[in-house]
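The structure under discussion appears below in the form of structure tokens.
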Amino acid sequence: MATTRIISHPTRQLIEGLLPRSYATVAAPIPPQALSNSIQRYPPTQPPSYKDPTFRKSQLLRQYVSLLQSTPLMLLFQHNNLRASEWAGIRRELTAALQRAGVEGDAQSGKLKLQIIQTGLFAAALRLTEAKMPSPVATGEPLHFLSAEAHQAARRSPLSVQASLLDNLLAGPLAVLSFPGVSPAQLAATLRVLAPTPGSSSAFAAPRRRDAPGLYEGPVQSGLAKLMLLGARVEGRVMDGEGTRWVGGITGGLDGLRGQLVNLLMSVGMGITGALEGQGRSLYITMEGRRLQMEEEAKPVAEREKPTEGTT
């Protein structure tokens, strides 16, 4: 059996004193020219930014500005500490609902994107989107949204009415569901899963259990209970829950809405044409009667009192 030899404290100090000592040395600094040649602070495709573009906040700000500029329809939800399993179940059932409705869209393929946003950065992106940017700098290049000039313009520019309505909704933990286009069919299928209305006869009632058994699983139901629809932004206009459901309830989608608009314009045009024709006809009858009356009054008295043929 091996034994461990214990060295006393004075002996250990004597051994350490005989060994050569090593000291830390300061490395020679890298010349600035060599550092700038090896690593570029800004790539040639990205101009200098107001903040470091490698920061996550700067990247999120770029994404939010692009989202506000390119997304015609987005839904805003308030979420309360949803778990990862609950989010996964909600995304799965949303994809299944779109497939059952027979409309194009996939919440997992990027066509429909459900993401949690940072409220403060999203509000800043909204102000940058609505701000009136100054004229380009002397170089002739347009200003980008991370420049100091853009942030100063965002502080000076007031928000529009619709942007103010959206800014009032940006409070607390939020999630955004963005659509690639304004599709009432997609919106209706989404509302039936994420924000259903009570009652089986409602147009936005939740699917039945036999049609969507996964929707009634525990994690999905607990996640849906923590989601609350705040409103929507449709083509730059902010709508509440009722307005959002009105858009989702348009029969036939955008084509149906265009057909209703054409029928409305045709009916209004036909009504205006009929009214003008009726007024013109009545005016003609009135003028013709007045002409006959004036001709009768212009005849001599004897000729007017002369009996007509066939009278005694």
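Worth pointing out:
- Pick from the range 99-119, criterion in a helix (DSSP H, G or I) and out of contact with any Pro (no Cβ under 9 Å at 6 or more places or on another chain), ranking: modelled with the lowest pLDDT: Ala101
- Looking across the range 183-235, the residues that are surrounded by 15 or more Cβ atoms within 10 Å (Cβ to Cβ), farther than 16 Å from Arg91 by Cβ and touching a Gly at 6+ places or on another chain (Cβ under 9 Å) come down to Ser183, Pro184, Ala185, Leu187, Ala188, Phe204, Leu229, Leu230, Gly231, Ala232, Val234.
- The set of residues in the range 50-81 that are modelled with pLDDT under 60 and of a type in the set (Gly, Ala, Ser) is empty.
- Test: residue in the range 120-133 that is modelled with pLDDT under 75 and either in a loop (DSSP other than H, G, I, E, B) or not assigned by TED's automatic domain parsing to the domain that holds Asp240 (or both): yes
- Qualifying positions in the range 76-87 - out of contact with any Gly (no Cβ under 8 Å at 6 or more places or on another chain) and closer than 14 Å to Val193 by Cα: Phe77
- Helices (runs of 4 or more DSSP H) fully within the range 148-244 that include at least 1 residues being at pLDDT below 90 and of a type outside the set (A, V, I, L, M, F, W, C): 148-156, 161-169, 184-194.
- The single residue among Leu215, Leu227 that is touching a residue at least 12 places away in the same chain (Cβ under 8 Å) and under 21 Å from the mean Cα position of the chain (by Cα) turns out to be Leu227.
- Hits in the range 62-88 (condition: outside any loop (DSSP other than H, G, I, E, B) and of a type in the set (Val, Ile, Thr)): Val65
The values are calculated or read from the model by the stated rules, or taken from the named source; none is laboratory data. None of the values given here were measured: they were computed from a predicted structure. As a convention, Cβ positions derive from the backbone with ideal geometry for all residues, glycine included, and neighbour counts pool all protein chains shown.
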